[in-house]
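K.L.:
Supplied in structure tokens, the structure appears directly below.
The values are calculated or read from the model by the stated rules, or taken from the named source; none is laboratory data. Please read all numbers here as calculations on a predicted model, not as lab measurements. The accessibility values were calculated without ligands, DNA or RNA, using every heavy atom of the protein model including side chains. Shrake-Rupley method; radii C 1.70, N 1.55, O 1.52, S 1.80 Å.
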Amino acid sequence: MVKERITMMGERTGLLGWFDRIRFNEILRQGIGLLLVAVCAHFTRPDMGTVSIGLALVVIGQVFRIYAAGYIFKNKQLASTGPYALVRHPLYLGNFIILTGFTIASANIYVEGVGVLFFLIWYPAAIAYVDSKLENIFGDEWREWSKSRRAIIPGRARWADLKTSGWDTYQSLIRNGELPISLYLLSGGIWLWVISHGH
């Protein structure tokens, strides 16, 4: 899978090639992202204000991910309604909101810097790969749908599409794994909340 991604995006040698092998490994990327939640919790500088604001953003981001994941039937049909009416990669938008929330909650400038670097280093490559993969699978359908939608920054809203039915609870929470992710984020949020209340 990693080799396929590197080949598709253009193979590089040396240190950059090693970096690409890490960057295009989805398990590593997701794992490092989840590890950042624990880092935020561990290195928090307790402040009820920042914790409250940050965790509110985490909830918003994860609710958005749950919403988006209910429209994904990987490689079988192109998700184009619901949150996909706003952006091409709503899961990544949800991740960005979650990561922003946890870094704000940590109230630690070093953790915030690591969060920004993580997003800038990992996500442009992930977006480029997924766009290329979807174009290969869905061809003109993807090109027509994607040309008026930004990657993760919402543009003009298509409210009619947002209201379209078709969201699948089981697909989101079980098949696409949002239930365990939600539980993990909840544990990180509780950790931060307890720490902030203990000081």
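K.L.:
Top to bottom by accessible area (1.4 Å), largest first, where do SER80, SER165 land? Walk me through the numbers on the way to the answer.
P.N.:
Values: SER80 40, SER165 100 Å².
Highest to lowest solvent-accessible surface, that is SER165, SER80.
K.L.:
How would ARG45, ARG156, ARG65 line up by accessible area, probe 1.4 Å, largest first?
P.N.:
Largest to smallest exposure gives the sequence ARG156, ARG45, ARG65.
K.L.:
Give me the number: length gained by fully extending PHE43 to ILE60, i.e. 0.36 nm times residue separation minus the C-alpha to C-alpha distance, one decimal in nm. Working shown, then result.
P.N.:
Values: separation 17, 0.36 × 17 = 6.12 nm, distance 2.26 nm.
Stretched out fully, the PHE43 to ILE60 stretch lengthens by 3.9 nm.
K.L.:
On to the next question. Which three extents, in angstrom, do the Cα atoms of region 50-164 have along their principal axes, listed largest first?
P.N.:
Each principal axis gives a Cα extent; for region 50-164 these are 45, 30, 24 Å.
K.L.:
What shape does region 79-143 have by the C-alpha gyration tensor, where a ≥ b ≥ c are the square roots of the eigenvalues, rounded means a/c under 1.5, and otherwise prolate means a/b greater than b/c and oblate the rest? Walk me through the numbers before you get to the answer.
P.N.:
Values: a/c = 5.68, a/b = 2.12, b/c = 2.67.
Taking the square roots of the gyration eigenvalues as a ≥ b ≥ c, region 79-143 is oblate.
K.L.:
More than 18 angstrom separation, counting every C-alpha pair in region 29-86; what % is that? Could the numbers behind the result be given before it?
P.N.:
Details: 881 of 1653 pairs.
So the portion of pairs separated by more than 18 Å is 53 percent.
K.L.:
Can you sort LYS133, LYS76 by 1.4 Å-probe accessible area, starting with the largest? List each step's numbers first, then the result.
P.N.:
Numbers: LYS133 55, LYS76 170 Å².
The ranking, largest first, comes out as LYS76, LYS133.
K.L.:
Which value, in Å² and to the nearest 10, is the accessible area of LEU120 when all protein chains are kept and the probe is 1.4 Å?
P.N.:
Solvent-accessible area, nearest 10 Å²: 110 Å².
K.L.:
Sticking with this structure for a sec: What shape does region 107-188 have by the C-alpha gyration tensor, where a ≥ b ≥ c are the square roots of the eigenvalues, rounded means a/c under 1.5, and otherwise prolate means a/b greater than b/c and oblate the rest? It would help to have the intermediate numbers written out before the result.
P.N.:
Details: a/c = 1.84, a/b = 1.29, b/c = 1.43.
Verdict is oblate for region 107-188.
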